[in-house]
Amino acid sequence: MKKEEYMRMAISLARRGMGSTSPNPMVGAVLVKSRKVVGKGYHKKAGQPHAEVNAITDAKDEAFGSTLYVNLEPCIHTGRTPPCVDAIKKAGIKKVVISMLDPNPSVNGKGIEALKKAGIDIKVGLLEEEARRLNEAFIVYMEKKRPFFTMKAAASLDGKIATKTCDSKWISNEESRKYVNKLRSNMDGIMAGINTVITDNPLFVPRVLRPKKIPVRIILDSKLRIPLSSDVVKTAEKYKTWIFTSEESRHDKSNKLSSMGIEVIRIPREESGRVSLKYVCEELYRRDVVNVLVEGGGETNSSLLREGFIDKILLFYAPIIIGGKGALNLVGGKGIDFLKDAHKIHISTIKRIKEDILIEGYVHRDY
């Protein structure tokens, strides 16, 4: 096998931890000796042993004198687990091949430096682009101090997400909805605006058998208009739910919601009256929310795009045309006056899900 194949194996192993490692990154490790894989491991869950340690355990005595392939720089700090650098040195590994530096300031470059001082040969940059794409949410979380936001929507070919009567069930097909439910179980949070809650009465939980986790439901509701009869409220004791509201919203309603299991978080509002998205991001970062799936309506999408917080888009286009000025648009708000100000999307993939078309792309390319 070639070096690239060993690293692809490590990245593939890392991907097994998707939905379970947050707020940690996904990491896989492969130990090779005399062109033979002698140990493999990946980080399964936050708080459990890291990929390097699992690979060393798997290799046993064969780890001595081997080469370690790992998609992220080994850690040097003590968190919920000991430093991986110490385990690598103790195992007698002679060479470490790394895809990318760890964006965590506590590690960035320091793990590599410690390994070099121990006389271990280091190579960095093998399949770096693939490694960065795998941990794109973790990179944004560390470098921008906010969650990675993915805007997901089902729309008609003319960009409508509902009819003028707000009918939207279902624009996308069953296979697309299964895809989204699987995606939900890999997320830390699902975000929506209050208009979506009032109009659609969604539950916002993964409808899959034995989901990896249930993401926290994040509702933006500056005036606490959320109906007490909504499914989000009625299931709050079962599923963690946060409502971001303004400091001026009703305290009696807030107390009632709290008694029903919802955590009401008061933050400053913008001049428009909406809750400040900047403060929402700061609070989510503080609470270790690394990735968020945005399932709001046109106004929420517009606000997040305008503030530069949307990182990725997943658009499911159905082969239908809705039409009408009163139908709801994928992106609301005031819109732009000039094309030069349009949000430019870097499309990464286009694929068919039966008759639907899924477009995946990025708003930023700096991670």
- [ ] Report the paramagnetic label zone for Glu175: residues of the stretch 309-331 whose backbone N is under 19 Å from a point 7 Å from Cα along the Cα-to-Cβ axis.
- [x] 314-320
- [ ] Normalising by the residue count of the chain, find the relative contact order in percent from Cα pairs under 8 Å and 6+ residues apart.
- [x] 15
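Cβ neighbours within 10 Å, averaged per peptide: list 52-59, 232-239 in order, most packed at the top. Write down the numbers at each step before the final one.
Values: 52-59: 23.5, 232-239: 16.4.
Going from most to least packed, we get 52-59, 232-239.
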- [ ] Using only Cα atoms, figure out Rg for the stretch 1-144 and give it as a multiple of 2.2 N^0.38 Å.
- [x] 0.92
Open item on the list: If the only charges are +1 at each Lys and Arg Cβ and -1 at each Asp and Glu Cβ, what is the size of the charge dipole of the stretch 95-247 around the Cα centre, to the nearest 20 debye?
Closed with: 340
Task: Gain in span if fully extended, Arg352 to Asp337, counting 0.36 nm per residue against the direct Cα distance - done: 2.1 nm
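Work the Kirkwood hydrodynamic radius out for the stretch 251-367: mean of 1/r over every pair of different alpha-carbon atoms, inverted, in Å. Kindly include the intermediate steps, with their values, before the conclusion.
Values: mean 1/r = 0.0582 Å⁻¹.
This gives a value of 17.2 Å.
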Task: Extension gain (nm, one decimal) between Lys45 and Glu307, 0.36 nm per residue minus Cα-Cα - done: 91.1 nm
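Mean shadow of the chain, computed from the convex hull of its alpha carbons, in nm²?
Working: hull surface 80.6 nm².
Mean projected area of the Cα convex hull: 20.2 nm².
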TODO: List the residues of the stretch 129-146 whose backbone N lies under 17 Å from a point placed 7 Å from the Cα of Lys2 along the Cα-to-Cβ direction.
DONE: 129-131
Task: Charge dipole (debye, nearest 20) of the stretch 268-367; +1 at Cβ of Lys and Arg, -1 at Cβ of Asp and Glu - done: 200
Task: Among Ile198, Ile190, Ile98: highest mean-square fluctuation, GNM of the chain, C-alpha pairs under 10 Å - done: Ile198
TODO: Pull out the extension gain between Thr165 and Lys325, defined as 0.36 nm times the separation in residues minus the alpha carbon to alpha carbon distance; nm, one decimal.
DONE: 56.4 nm
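Every read-out reported here was derived from the displayed coordinates using simple, explicitly stated rules and does not represent laboratory data. None of these values were measured; they are calculated from a predicted model. Note: ideal-geometry Cβ built from the backbone for every residue, glycine included; neighbour counts use all protein chains shown.
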